[in-house]
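K.L.:
I have a structure I would like to understand better, so I am pasting it below and will then ask my questions one at a time.
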């Protein structure tokens, strides 16, 4: 059954918990709070009303959540190739693998701040992949770094890496925001149960529920634990959003297009591969072996420009550190850094980054779209370690 923009009778969800709410923090938002409880299946992290903690994502109308069984034999055949791409995160949310160890979920799962945070450690967080009622997880991965995360009135997302990539992944749709009325579907781990399918609903305007400018409404069934589940276009089965929470009768999600996920993709839109055996970072050397290099400034930039800004070779030593001031068009123009260990990172928007002891050689490149609004990129306090 497809649910859409219509009046519904809401059935309240009783969140059974071994312990009452153990953590609640207003994030500076109008009325959203990150909460953690000990549920019957483990710790669950979710967002509720700050003033009314009982107001949480709900089953809307009749409960249509369907456990996925027999490798998907009880759900439509088209979904079966993707069900191993979903994972249960140890802090109580749902994760989705988008390729080569890159994973997305909700920002509140990592207690993200209002303003975007980059490279947040995530020690101790694990993801169990392929967990179903009749099947144990086939893989447990460790979170290695939260690359970007944000939680505010308009967006709620987190992008992170895991040490071992799952065998299945799901494609992204970054072409445009999907139209109102698009048929949607969601897979996740409500209440941390084995994988369940929401069946289908439709994408509706974020004004239903008074959600933010980068969010949309939907009426697919969810429960706490579904936080971070991706929202799929039911026709293409590509990701168009990230489910975040809800208040009866509207659940809500962040448009994928309004997250910085593109920064972590290759120029062609695919997820860059992860080096399975990255070279170890060289050991620290005494401070008297450093070489100070001059500040470098780049810009203005052109439309559809792809160029190398700087190259630092091994003749300088074994590693390099610098501060980088980026003032580029957010989520459209990107600075890319490739280091000697094969690691790639992307930066966009207006912010400063501190890059510490990147193994040489290091290459810094820039790419813009057809509507250039980027101003400057500056590399300063550049220090090479011999």
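The values are calculated or read from the model by the stated rules, or taken from the named source; none is laboratory data. Nothing here was measured: the structure is a model prediction, and the numbers come from that model. So basically every Cβ, Gly included, is an ideal-geometry build from the backbone, and we count neighbours across all protein chains shown.
K.L.:
Given the conditions (1) under 30 Å from residue 373 (Cα atoms); (2) modelled with pLDDT of 80 or more; (3) assigned to a loop (DSSP other than H, G, I, E, B), report the number of the one that residue 236 does not fulfil.
P.N.:
(1)
K.L.:
Further, regarding this structure: For residue 288, all conditions in the list (1) outside the structural domain of residue 162 (by TED's automatic domain parsing); (2) at pLDDT 85 or above; (3) out of contact with any strand residue (DSSP E or B) (no Cβ under 7 Å at 6 or more places or on another chain) hold save one; what is the number of the exception?
P.N.:
So the condition that residue 288 fails would be (2).
K.L.:
Residues 352, 314, 308: which one is at pLDDT 80 or above, surrounded by fewer than 18 Cβ atoms within 10 Å (Cβ to Cβ) and closer than 18 Å to residue 148 by Cα?
P.N.:
352
K.L.:
Can you confirm whether residue 144 is in a strand (DSSP E or B), at pLDDT below 95 and touching a strand residue (DSSP E or B) at 6+ places or on another chain (Cβ under 7 Å)?
P.N.:
yes
K.L.:
From the list 204, 215, 223, which residue is surrounded by 20 or more Cβ atoms within 10 Å (Cβ to Cβ), assigned by TED's automatic domain parsing to the domain that holds residue 36, in contact with a strand residue (DSSP E or B) (Cβ under 8 Å, 6 or more places away or on another chain) and farther than 12 Å from residue 253 by Cβ?
P.N.:
223
Here's the yes/no breakdown for (1) at negative phi; (2) part of a strand (DSSP E or B); (3) touching a strand residue (DSSP E or B) at 6+ places or on another chain (Cβ under 7 Å):
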position: 123; (1), (2), (3): yes, no, no
position: 137; (1), (2), (3): yes, no, yes
position: 157; (1), (2), (3): yes, yes, yes
position: 164; (1), (2), (3): yes, no, yes
position: 167; (1), (2), (3): yes, no, no
position: 175; (1), (2), (3): yes, no, no
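K.L.:
Hey, another quick one. Please specify each residue of the stretch 219-233 satisfying the condition of being on the phi < 0 side of the Ramachandran plot and at pLDDT below 95.
P.N.:
Answer for the stretch 219-233, where residues must be on the phi < 0 side of the Ramachandran plot and at pLDDT below 95: 219, 220, 221, 222, 223, 224, 226, 227.
K.L.:
Still on this structure, I have one more. For the stretch 373-386, which positions are surrounded by fewer than 20 Cβ atoms within 10 Å (Cβ to Cβ) and within 26 Å of the chain's Cα centre (by Cα)?
P.N.:
Listed by number, the list holds a single entry, 373.
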